[in-house]
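Q: Let me begin by handing over the structure; questions about it come next.
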């Protein structure tokens, strides 16, 4: 009988857990979208407000298939370099997986990166987020980087013209 009651209690709690998880996932997607908005912003300090400077960036560069390489950049160094980045940058991502466990989360999916409306590369983004007192922050990122002719095969977001 206890087993039956435990199953009934678990089934009753499942919808509440799903609702909580959906809310958490929505917060993670919103934080990820803030990250992409900061990339596209003319305010080059915006990115520092949505990233954890203690994090790391792993770039799986496959632009030249004969010489793939993994480049590792501390977020603090990236933020410093970002202050000198050009205007007209934009990144779009499709969220194919969002996972949340308490104060850690992961968002995964194909992306497209553009400069002045022209695709420079695309790939798969993996954002690792951490929940801080004030908001979710992008802590670590890993992304593959391939030439534009591979974007469609990856399922990268399309380009929309205004």
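The values are calculated or read from the model by the stated rules, or taken from the named source; none is laboratory data. Model, not experiment: these values are computed from the prediction. As a convention, Cβ positions derive from the backbone with ideal geometry for all residues, glycine included, and neighbour counts pool all protein chains shown.
Q: Consider residue 60 carefully, then state whether it is free of Cβ contacts under 8 Å to residues at least 60 places away in the same chain and surrounded by 13 or more Cβ atoms within 10 Å (Cβ to Cβ).
A: No, not satisfied.
Q: Any idea which residue in segment 75-89 is surrounded by the most Cβ atoms within 10 Å (Cβ to Cβ), counting only those that are under 20 Å from residue 123 (Cα atoms) and out of contact with any helix residue (DSSP H, G or I) (no Cβ under 7 Å at 6 or more places or on another chain)?
A: Step by step, filter segment 75-89, then rank; the result is 75.
Q: Test residue 98 against the stated conditions and say whether it is outside any helix (DSSP H, G or I), modelled with pLDDT of 95 or more and over 22 Å from residue 40 (Cβ atoms).
A: The answer is no for residue 98.
Q: Check residue 159 against each of (1) in a strand (DSSP E or B); (2) touching a residue at least 40 places away in the same chain (Cβ under 8 Å); (3) over 16 Å from the mean Cα position of the chain (by Cα) and name the one condition it does not meet.
A: Condition not satisfied by residue 159: (1).
Q: Would it be correct to say that residue 130 is under 20 Å from residue 34 (Cβ atoms), touching a helix residue (DSSP H, G or I) at 6+ places or on another chain (Cβ under 6 Å) and not in a loop (DSSP other than H, G, I, E, B)?
A: Answer is no for this residue.
Q: For segment 60-81, which positions are under 17 Å from the mean Cα position of the chain (by Cα) and closer than 19 Å to residue 40 by Cα?
A: 75, 78, 79
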